[in-house]
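J.: Starting off with a structure, shown below.
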Amino acid sequence: MAGAQLLKAVRLRSYDLGRFETILPQREFADLVRQAEAGRRLLRGRTVWNVNSTARGGGVAEMLGPLLGYARGAGVDGRWLVVGGEPDFFRVTKRLHNQLHGAKGDGRGLGPTAALVYRRLTQRAAEQLTSRLRPDDVVILHDPQTAGMLPLVKAAGVTAVWRCHVGIDKPNAVARSAIDFLRPYLEHADAIVFSRAAFAWKGLDKNRTWIIQPSLDAFSPKNEVLDRDQVAAILAAAGVVSEGGSGEPTFTRSDGRRGRVRRKARLTEERSLGPRDPYVLQVSRWDSLKDPVGVLRGYARYIAPRQPAHLVLAGPVSGRVADDPEDVRVFGQVRAAWRRLPADARSRVHLVELPMTDVEENAAIINALQRAAAIVVQKSLAEGFGLTVAEAMWKSRPVVASRVGGIEDQIIDGETGLLVNPKDLAEFGRAVAGLLADRRRAEKMGAAAMRRVRSAYLAPRHLLQHLALLEELLGA
């Protein structure tokens, strides 16, 4: 790929911050408008570049589009580039991703060969980026795939920020090896941003370290309000349920046009999910750190014998997420584990590979899946933030999730959801089965969850924190 264009621009839309007037208290909305105007003045004549490794699949991609859209709507020149690479590069960065979570991943180390692969590609990407930069610009590089770009980017005279969306509270030896691999590059960053304070690496300059939690966009196709008929029709159109009633499988696209779900999901199941069948849902990439096999086992041992609910495990069609070379293997493990389940449990488990051709259609299907679920779970072994948790909470769904990483920040245990030990299948099963049996408690918990997201995890808070960071870095 020598000489090839590694950076691809993502097309962005502009969104009016005025839409938040309908969901924010009047004083908060007025403050948003005032600070957005200050940000526009601060960044006049500058471009804010964001670089990550994929435009689809995963929480980072889902956050960047709306955040940059609102920034552009406020008059800021925000742009988004995606860095590509050879399979060897993404194998190394997936290894970094896993190891930053304390997991061994493919079991291979980060020795000289891995360092050479990583350095060569990130340097080429940085060279291509710097040719577009002006000295007053701001560059925000996201996650391990881009950290190696920092030396050349900073040498171009711009303000450079590295944003790390992953981590664990107490790094083990595996995590420390990944941190040591990346640390020399971070010396060139003006600021380093983590999703929670416990993720910030020891030894970093505290004056350069910021904590900014992720957010969701309440108006995106994944989070817009859908009525019951729309939900049923979308799930039927995608083939997830057997029938969908008289509604239309429509949703609102980011540009305001009406979209329609037309593509079918790829299903692994013994019988169809009926429109009245209650189900427990986990939505995630096919990633071992999301522990889909553990969800299967916990359901089969501790939920299926006690409750009639089905289990739906949903993720992208395997092999379609550019920066994840392991999803095909992990999905194969999930399917093999499904085949080994007891017959009764297996007949109520549905593995759903969602179409990825149209990202907004994919988002609409996930929206419908979450809204129709009796319980949403996220049994991750490690989690930077866990945006699917906030998404489900926004839809007033009761959530059972692992007591790890950013999930702990979102859920107030026993009030806005339930936190469990990610390795204790019995505890997981009891929590889910208990909420399935106590509908009143589940509904109360879901309502409290929605209020928490509205107060803490929507895009305006996220946008204003980024503006505060840039105000300090630019000397405003």
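The values are calculated or read from the model by the stated rules, or taken from the named source; none is laboratory data. On a predicted model such as this, the values are computed, not experimentally measured, just so you know. Every residue, glycine among them, receives a Cβ derived from its backbone with ideal geometry; neighbour counts consider all protein chains shown. Quick note on the areas: whole protein, heavy atoms, side chains included, nothing else; ligands and nucleic acids left out. Shrake-Rupley method; radii C 1.70, N 1.55, O 1.52, S 1.80 Å.
J.: Could you check region 221-232 and list, in sequence order, the residues that are open to solvent by 20 Å² or more (accessible area, probe 1.4 Å) and in a loop (DSSP other than H, G, I, E, B)?
T.: 224, 225, 227
J.: Checking residue 470 against (1) of a type outside the set (Gly, Ala, Ser); (2) touching a strand residue (DSSP E or B) at 6+ places or on another chain (Cβ under 7 Å); (3) open to solvent by 20 Å² or more (accessible area, probe 1.4 Å), only one condition comes out false. Which one?
T.: All conditions are met except number (3).
J.: What single numbered condition from (1) out of contact with any strand residue (DSSP E or B) (no Cβ under 9 Å at 6 or more places or on another chain); (2) open to solvent by less than 90 Å² (accessible area, probe 1.4 Å); (3) more than 24 Å from residue 141 (Cα to Cα) fails to hold for residue 39?
T.: Unmet for residue 39, out of (1) out of contact with any strand residue (DSSP E or B) (no Cβ under 9 Å at 6 or more places or on another chain); (2) open to solvent by less than 90 Å² (accessible area, probe 1.4 Å); (3) more than 24 Å from residue 141 (Cα to Cα): (3).
J.: From (1) surrounded by fewer than 21 Cβ atoms within 10 Å (Cβ to Cβ); (2) among the hydrophobic types (A, V, I, L, M, F, W, C); (3) outside any helix (DSSP H, G or I), pick out the condition that doesn't hold for residue 20.
T.: The failed condition is (3).
J.: Can you give me the number of residues within region 256-274 that are part of a loop (DSSP other than H, G, I, E, B) and open to solvent by less than 70 Å² (accessible area, probe 1.4 Å)?
T.: 6
J.: Can you tell me which residue in region 146-172 is farthest from residue 78 (Cα to Cα), limited to those that are open to solvent by 10 Å² or more (accessible area, probe 1.4 Å), in contact with a strand residue (DSSP E or B) (Cβ under 7 Å, 6 or more places away or on another chain) and modelled with pLDDT of 95 or more?
T.: It comes out as 154.
J.: Which condition number does residue 6 fail, the rest of (1) hydrophobic (A, V, I, L, M, F, W, C); (2) surrounded by fewer than 19 Cβ atoms within 10 Å (Cβ to Cβ); (3) farther than 18 Å from residue 161 by Cβ being met?
T.: (2)
J.: May I ask you to say which residue of 436, 464 is assigned to a helix (DSSP H, G or I), under 28 Å from residue 191 (Cα atoms) and among the aliphatic types (A, V, I, L, M)?
T.: Only one candidate qualifies: 464.
J.: Let me ask something else. Out of everything in region 182-238 that is touching an Asp or Glu at 6+ places or on another chain (Cβ under 9 Å) and of a type in the set (Ser, Thr, Tyr), what residue ends up being nearest to residue 264 (Cα to Cα)?
T.: 220
J.: Which of (1) open to solvent by less than 30 Å² (accessible area, probe 1.4 Å); (2) of a type outside the set (Gly, Ala, Ser); (3) touching a helix residue (DSSP H, G or I) at 6+ places or on another chain (Cβ under 6 Å) is the odd one out, the single condition residue 404 does not satisfy?
T.: (3)
J.: Regarding residue 193, is this residue open to solvent by 30 Å² or more (accessible area, probe 1.4 Å) and either assigned to a strand (DSSP E or B) or of a type in the set (A, V, I, L, M) (or both)?
T.: No.
J.: Taking residue 304 and the conditions (1) in contact with a Lys or Arg (Cβ under 7 Å, 6 or more places away or on another chain); (2) farther than 26 Å from residue 411 by Cβ; (3) of a type in the set (A, V, I, L, M, F, W, C); (4) modelled with pLDDT of 95 or more, which numbered condition does it fall short on, given that it satisfies the others?
T.: Status for residue 304: all satisfied but (2).
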